[in-house]
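The values are calculated or read from the model by the stated rules, or taken from the named source; none is laboratory data. Predicted model only: the values in this text are computed from it and were never measured. Virtual Cβ from ideal backbone geometry, glycine too; neighbours counted across all protein chains shown.
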Amino acid sequence: MSKKGWFYTAFFVLLAVGFYFMLVKIIPGYNKRGVAPVSFVRPFSFSNQDGEKVTEKSVAGKVYVAEYFFTTCKGICPKMNNNMRMVYDALKDEKDFLILSHTCDPDTDSVQQMKKYADSMQVNTDKWIFLTGRKDSLYNMARISYTIDDPNDNLVSMEDDFMHSQLWALVDKNGDVRHIYDGLKESEVKKLIKDARRLLKDE
């Protein structure tokens, strides 16, 4: 390429970079709009470990991570919730951060069972909330709102359906699902903590 060609190439690259930074300065939040939300949270109503109703209004304006587990699980759930404790320990002092742990086995995980499990975790249940409710409502939230399980997995009746996902959803203050993480991978858990801190700073 000739000297003239290099000059024009460098000129247009610098022009593009300058234009981008001008947009970032002039339009607040411009650099945060590049990635569209994965999904958004639909209305819900579940019971927490104390038998109190929790709805989408209860978490409005909060950044939270949603997961699904069941209290009698001997497989992935113990490791997953050990990893979730890393999230809890890192962010428990943030006033606008929550963890919502939904059961995927509400027939076993009554309010009383969730209370027993929550007590065994020895966490502040104002920050880490354990939810139970109707199976169809819980599963619809996982599949439609949080998108951590395939809606097509329910190929039979709800009675025979069973969901067991290691995926977590991170929700921003507007109720938008920003990202999905693998709760069994420490690298993704650390990324979630970093991403949550960024979302907590957003107005």
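The table for this structure:
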item	result
Candidates G75, G61, filtered to the one that is assigned by TED's automatic domain parsing to the domain that holds Q122, loosely packed, with under 15 Cβ neighbours inside 10 Å and touching a His at 6+ places or on another chain (Cβ under 9 Å)	G75
Count - residues of segment 129-141 that are crowded, with 23+ Cβ neighbours inside 10 Å and assigned to a helix (DSSP H, G or I)	1
Test result for D182, among the charged types (D, E, K, R) and closer than 11 Å to K62 by Cα	no
Hey, I148 modelled with pLDDT under 95, within 10 Å of the chain's Cα centre (by Cα) and either under 24 Å from T55 (Cβ atoms) or not charged (D, E, K, R) (or both) or not	yes
Residues of segment 115-131 satisfying the condition of being closer than 16 Å to Y88 by Cβ and not β-branched (V, I, T)	Y117, A118, D119, S120, M121, Q122, N124, D126, K127, W128, F130, L131
Number of the exception - D105 against (1) assigned to a loop (DSSP other than H, G, I, E, B); (2) out of contact with any helix residue (DSSP H, G or I) (no Cβ under 9 Å at 6 or more places or on another chain); (3) not small (G, A, S)	(2)
